[in-house]
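For reference, the structure discussed in these notes is given below.
Any read-out appearing in this document is the output of simple, stated calculations on the displayed coordinates, not a laboratory observation. Computed from a predicted model, the values in this text were never measured in an experiment. Please note: Cβ atoms are built from the backbone with ideal geometry, for glycine as well, and neighbour counts cover all protein chains shown.
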Amino acid sequence: METKTKQQTELETTESVTITGAEAVVKCLLAEGVDLLYGYPGGAIMPVYDELYKYQDKLHHVLTRHEQGATHAAQGYARATGKVGVAMATSGPGATNLITGIADAQIDSTPMVCITGQVGAHLLGSDAFQETDIVGISTPVTKWNYQITKANEIPEVMAKAFYIARSGRPGPVLVDITKNAQFEEFDFEYKKCTSVRSYQPVPNMSMQSIEAAVELINNAERPFVVWGQGVILGEAEEEFKAFIEKAGIPSASTLLGLSALPTKHPLHVGMVGMHGNYSPNKLTNECDVLIAIGMRFDDRVTGDLSRYAKQAKVVHFEIDPAEVDKNVKTDVAVLGNVKETLTVALPFLKANSHKEWLQEFRNLDAVEFDNVIKNDLFPTKEGLTMGEVIKQINEASEGKAIVVTDVGQHQMIASRYAEFNQTKSNITSGGLGTMGFALPAAIGAKMGAPEREVVAVIGDGGYQMTIQELGTILQTKAAVKIVVLNNEFLGMVRQWQQLFFDKRYASTVMTNPDFIAIAKGYHMEANRVTKREDLANAVQEMMQSKEAYFLEVCVEKEDNVFPMIPTGASVSDVRLK
Amino acid sequence: MSTKNTYTISIYTENNVGLLNRISAIFLRRHLNIESVNVSKSEIKSVSRFTLLVKVTEEQVKKIIGQIEKQVEVIKAFYHTDEATVYQESCLFKLSTDLLIQNDEIQTIINQSKSRVININKNFFVLEKSGTKEEVEELYHILDKHGIMQFVRSGRIAITKDEMPVSKLLQLIKA
Ligand SMILES: Cc1ncc(C[n+]2csc(CCOP(=O)(O)OP(=O)(O)O)c2C)c(N)n1
């Protein structure tokens, strides 16, 4: 169980104190164990900021350069730590700037609490200055939201917000607080929320379903596991490993599941999905039992659903009942937290090794190596490849770094080649595919896990979407390593234009600024690599730096990411070129 | 399998603001039309009940129920076919008072359709009728010939023939 800090015990006493709503907000955050939050001030949230000034020694507020940056930083923090990330903004434009990050957190199940200021309750609905219906706007992209109009609602709503954000399948919660509620005084008392009547975070586990699942798995000749982020969110890495090891099942990750199992684990057969590995995609349509663990059959994973694993019986270990049968019909659904369900199932599993079946994956890996990996990691052509940059990062970090990626070709290359030895090491925007995610998310990750090396791998396009967060790094000294893979294109879109639009490169050419000068403008160490012989040293130098560091690598302009499953194709139609 | 049916969806929820927005958004995202909505108190204190009427396939309605139940403030959602429910709609007609005086047919219509006059003055009278959609429609067609000044009907409300074990569920949660 979590140990209570002194502060918390103090706050949970029944003795009430008369304070303002704004101070109550801060006290609630402290009671929830928050010591760091990201945000941007403005008129409607000023009373809370004024309290933050008073509580600086206990609660550190990081001023990002844009509210979107605050949400992504909170996400990065949450993903690196498993704790709830907190972002704060003022009403109107401040609040709407949070939406991209909230939507990203919703689809990637990231626990986050966003607090927004709102105009006074008497002005609600009057189109007052900086009034927006942020509760209405955020409804489709939050797990829960609430507008507070009276100070005495603050403790209960805040407690509920944190409970809902972190429990069950985590997600973002937004609490909107009118300005009058921030000023009002009331008798403050705080009690943590442990249940909400209408909300069952984890569905009841059924022994019957576990038995049925185990029977299918035990009798399978070609079982295949695809796991997702549910393993990480459920902190079930050990249970998961024990499970696949006992039954000897070849296992592949989704994009967000990466790092739950060390990359070099003998049963790890790669990543599934549009730019995943050849063998797991191809053999999805050869297995006899497909075991999905904490994943949701995203369309980027399944390709054409009507041709996805039709031959296989499907077992789905899942915490969210709404995901069962949503995209892929299951034969057995095992509801519950995978940490619990895998533990209960383990003793019933038959020990097995499936050597020949595993060998089939390895045979296809060799095909992928010859056709793709060799050229990516050991190129003989002149231009630098994105793959060899990732390889150098692996070597310099010994697979111990947290790799934060943005969205595009570099993201897929990094996901394919980054080596992870430790869980919670892969932070990327999966479901929403939000360009601009990586730089602020890396700041959050570094602050959440200061003892770890954090390397952000970003495209020249996405970098410029949140480049202003270099200012946040300057001010906070967050020692993130930024690697921009510059191909002077919106690479991923250009790849599609090349393959499916006759090379008509409509609006994907990027004329870029002098990134080194920009980094230097923010007083950051910076270096640029254009030649292969300089790469290893440059990456080493970056990794050895104790401070934030910017490295631009000018890579080949028109390189493509393969394998690839074109939209609408079957996973077994995965293309090697 | 993929034929569309009329389903009555019953949703038991906390009585909080904003929930109608969350629930309707689920239909909006899937481009599904809601034929009618009714929100009211339920048999359980401080628990609201939504009754929605939709025309979708069974597979669709199952997925919708999953998404609805996922909402934090939803206690439980159910779906039922017409056969599994007893349902009613209510409607009001505004008609000219002259009709009552000049046309004896109207009295017969009122009696036979089991509707009742709930308000009358020298210009108009208001006729109320509860029944199935078909019964309401039939009366509409008959009255239409005589001139309807205003017409309004409510959403469907329905009681299921099966039990909906929400109270039990709530007790379990409390225990
Ligand atoms: C906010 C946002 N806008 C647009 C897109 C569509 N998009 C996906 S990948 C991509 C290109 C990314 O280019 P770059 O950042 O240079 O990375 P590269 O693909 O070259 O590695 C674009 C425009 C997106 N994912 N997110």
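I need the phi-derived Karplus couplings for the stretch A:274-288: 6.51 cos²θ - 1.76 cosθ + 1.60, θ = phi - 60°, integer Hz, Gly and Pro marked x.
Each residue of the stretch A:274-288 in turn: 3, 10, x, 7, 5, 5, x, 5, 4, 7, 4, 8, 10, 6, 9 Hz.
Run the Debye formula on the Cα coordinates of the stretch A:17-188, all scatterers equal and no solvent, and tell me log10 I(q)/I(0) at q = 0.13, 0.14 1/Å.
-0.52, -0.61
What distance in nm separates the two pseudo spin-label positions at B:Ala84 and B:Glu43, each 7 Å out from Cα along the beta-carbon direction?
Taking the simple label geometry, B:Ala84 and B:Glu43 are separated by 1.7 nm.
Shielding of B:67-77 by partners, i.e. mean partner chain Cβ atoms within 10 Å per residue? Please report the intermediate quantities before stating the final value.
On the way: counts 2, 1, 4, 8, 6, 16, 6, 2, 4, 2, 0.
Counting other chains' Cβ atoms within 10 Å and averaging over B:67-77 gives 5.
Using +1 on the beta carbon of Lys and Arg, -1 on that of Asp and Glu, and nothing else charged, what's the dipole of the stretch B:132-174 about the Cα centre, debye to 20? Walk me through the numbers on the way to the answer.
On the way: 7 positive and 7 negative charges, 68 e Å.
Dipole about the Cα centre, nearest 20: 320 debye.
Which lysines, if any, have their Cα less than 26 Å from the Cα of A:Lys577, not counting same-chain residues under 8 positions apart?
By straight Cα distance, A:Lys577 reaches A:Lys264, A:Lys282, A:Lys310, A:Lys374, A:Lys381, A:Lys391, A:Lys503, A:Lys531, A:Lys557.
For the stretch A:452-519, what mean projected area does the convex hull of the alpha carbons give, in nm²? Let's see the in-between values first.
Values: hull surface 21.6 nm².
So the Cα hull casts an average projection of 5.4 nm².
Give me a comma-separated list of calculated 3J(HN,Hα) values for the stretch A:393-402, in order, Karplus coefficients 6.51, -1.76, 1.60 applied at θ = phi - 60°, integers in Hz, x for any Gly or Pro.
3J(HN,Hα) across the stretch A:393-402, in whole Hz: 5, 4, 5, 5, 9, 6, x, 9, 7, 7.
What ranking of A:Lys477, A:Lys58 emerges when the number of other C-beta atoms within 10 Å of each C-beta is taken as an exposure proxy, fewest first? Walk me through the numbers on the way to the answer.
Values: A:Lys477 9, A:Lys58 14.
Ascending Cβ contact count within 10 Å gives the list A:Lys477, A:Lys58.
In Å and on Cα atoms, what radius of gyration and Dmax does chain B show?
Computed over the Cα atoms of chain B, radius of gyration and Dmax are 19.6, 65 Å.
Kindly list the residues of the stretch B:132-156 that lie in the label zone of B:Asn123, defined by a backbone N under 18 Å from the point 7 Å along the Cα-to-C-beta vector.
B:147-152
How much of the pair distance distribution for the stretch A:125-204 lies past 21 Å, counting alpha-carbon pairs only, in percent? Each step should come with its number before you reach the end.
Values: 1131 of 3160 pairs.
Summing the P(r) of the stretch A:125-204 above 21 Å gives 36 percent of all pairs.
Which of A:Met46, A:Met447 has the fewest other C-beta atoms within 10 Å, and how do the rest follow up to the most?
Working: A:Met46 15, A:Met447 21.
So the ranking, lowest neighbour count to highest, is A:Met46, A:Met447.
Hey, could you pull the Cα Rg and Dmax for the stretch B:93-175, both in Å?
Taking only Cα atoms of the stretch B:93-175, I get Rg and Dmax of 19.0, 65 Å.
Dipole size in debye (nearest 20) for the stretch B:87-153 around its Cα centre, Lys and Arg Cβ +1, Asp and Glu Cβ -1?
240 debye
Sorted from fewest to most neighbouring beta carbons within 10 Å, what does the list A:Leu349, A:Leu485 look like?
A:Leu349, A:Leu485
Based solely on its DSSP helices, what 222 nm [θ] is calculated for the protein assembly as shown when runs of n ≥ 4 H residues each add -39,500 (n - 2.57) and the sum is averaged over all residues, nearest 500 deg cm²/dmol? Let's see the in-between values first.
Numbers: 31 runs with 274 residues, N = 752.
One gets -10000 deg cm²/dmol as the mean residue ellipticity at 222 nm.
My understanding is that a pair violates if its Cα-Cα distance is over 23 Å; which of A:Lys27/A:Lys481; A:Lys192/B:Lys45; A:Lys241/A:Lys355; A:Lys150/B:Lys41 do that in this structure?
Values: A:Lys27/A:Lys481 34 Å; A:Lys192/B:Lys45 25 Å; A:Lys241/A:Lys355 17 Å; A:Lys150/B:Lys41 25 Å.
In this structure, A:Lys27/A:Lys481; A:Lys192/B:Lys45; A:Lys150/B:Lys41 exceed 23 Å between Cα atoms.
Note down the nm distance, to one decimal, between modelled labels 7 Å out along Cα→Cβ at A:Lys557 and at A:Glu382.
Placing both labels 7 Å along Cα→Cβ, they lie 1.3 nm apart.
Please name which of A:Leu364, A:Thr341, A:His410 has its Cα lying farthest along the dipole of the stretch A:314-417 towards the positive end, using unit charges on Cβ (Lys, Arg +1; Asp, Glu -1) and the Cα centre as origin.
Sorting the options by dipole projection puts first A:Thr341.
Determine, for the stretch B:87-153, the count of lysine pairs separated by eight or more sequence positions (or lying on different chains) whose alpha-carbon distance falls under 15 Å. Mind showing how you got there, number by number?
Numbers: B:Lys94/B:Lys122; B:Lys94/B:Lys129; B:Lys94/B:Lys145; B:Lys114/B:Lys129; B:Lys114/B:Lys133.
For the stretch B:87-153, qualifying lysine pairs total 5.
FRET efficiency for A:Gln544 and A:Lys477, Cβ-Cβ distance as r, R0 = 22 Å, nearest 0.05?
Values: r = 17 Å, r/R0 = 0.77.
According to the calculation, E is roughly 0.80.
Which cross-chain or sequence-distant (5 or more) residues have an amide H under 5 Å from the amide H of A:Met112, H modelled 1.01 Å from N in plane?
A:Gly85, A:Gly171, A:Val173
Tell me the relative contact order for chain B as a rounded percent, counting alpha carbon contacts under 8 Å between residues six or more apart.
Working: 289 pairs, mean separation 46.0, N = 175.
In percent, rounded to a whole number, it is 26.
Please compute the volume of the convex hull spanned by the alpha-carbon atoms of the stretch A:401-518 and report it per residue in Å³. Mind showing how you got there, number by number?
Details: hull volume 12.4 nm³, N = 118.
Dividing the Cα hull volume of the stretch A:401-518 by its residues yields 105 Å³.
What number, in nm² with one decimal, is the all-direction average of the projected area of the convex hull of the alpha-carbon atoms of the stretch A:19-103? Please list the in-between numbers first.
Details: hull surface 21.4 nm².
In nm², the orientation-averaged hull projection of the stretch A:19-103 is 5.3.
Would you grab the residues whose amide H sits under 5 Å from the one on A:Glu525? Only those 5+ places off in sequence or on another chain, please, with H modelled 1.01 Å from N.
It is A:Phe550, by chain and number.
If you average the sequence gap of Cα pairs under 8 Å that are 6 or more apart and divide by the length of the stretch A:207-360, what percent do you get for the contact order?
Numbers: 301 pairs, mean separation 47.2, N = 154.
Relative CO of the stretch A:207-360 lands at 31 percent.
Can you return the lysines within cross-link range of A:Lys477? Criterion is Cα-Cα under 25 Å, with same-chain partners fewer than 8 residues away left out.
A:Lys54, A:Lys58, A:Lys83, A:Lys400, A:Lys424, A:Lys446, A:Lys520, A:Lys546
Might you report the magnitude of the Cβ-based charge dipole of the protein assembly as shown about its Cα centre, with Lys and Arg at +1 and Asp and Glu at -1, to the nearest 20 debye? Could you put the intermediate results ahead of the total?
Values: 78 positive and 92 negative charges, 110 e Å.
The calculated dipole for the protein assembly as shown is roughly 520 debye.
Translational D (Stokes-Einstein, µm²/s) of the protein assembly as shown at 37 °C and 0.692 mPa s when Rh comes from the Kirkwood sum over C-alpha pairs? Working shown, then result.
On the way: Rh = 28.6 Å.
Taking Rh from Cα pairs, D becomes 115 µm²/s.
Ordered by packing density, taken as the mean number of other Cβ atoms within 10 Å over each peptide's residues, highest first, how do B:141-153, A:238-250, A:358-370 rank? Walk me through the numbers before you get to the answer.
Numbers: B:141-153: 12.6, A:238-250: 20.4, A:358-370: 15.6.
Order by mean packing, descending: A:238-250, A:358-370, B:141-153.
Tell me the Rg and the Dmax, in Å, that the Cα atoms of the stretch A:207-360 produce.
13.5, 37
Once amide H atoms are built 1.01 Å from N in the peptide plane, which residues 5 or more positions from A:Asp304, or in another chain, come under 5 Å H to H?
Correct list: A:Gly568, A:Ala569, A:Ser570, A:Val571.
Just going by the charge dipole of the stretch A:17-188, with Lys and Arg at +1 and Asp and Glu at -1 on Cβ, which of A:Met158, A:Thr178, A:Gly117 is farthest out on the positive end?
Of A:Met158, A:Thr178, A:Gly117, it is A:Met158.
Over the alpha-carbon set of the stretch A:290-335, work out the extent along each principal axis and list the three values in angstrom, largest first.
Result, largest extent first: 25, 20, 14 Å.
Label point 7 Å out from A:Ser353 along Cα-to-Cβ: which residues of the stretch A:244-282 have amide N under 19 Å?
Backbone N within reach: A:244-251, A:265-269.
What percent does the relative contact order of chain A come to when contacts are Cα pairs within less than 8 Å and at least six residues apart?
On the way: 1332 pairs, mean separation 81.9, N = 577.
Contact order relative to length: 14 percent.
Which ³J(HN,Hα) values in Hz, rounded to whole numbers, follow from the phi angles of the stretch B:76-92 under the Karplus curve 6.51 cos²θ - 1.76 cosθ + 1.60, where θ = phi - 60° and Gly and Pro get x?
Result, rounded to whole Hz: 6, 10, 10, 10, 9, 7, 4, 5, 8, 10, 10, 9, 9, 10, 10, 9, 10.
PRE reach from B:Gln102 (point 7 Å along Cα→Cβ): which of the stretch B:108-152 fall under 16 Å by backbone N?
B:122-125, B:144-149
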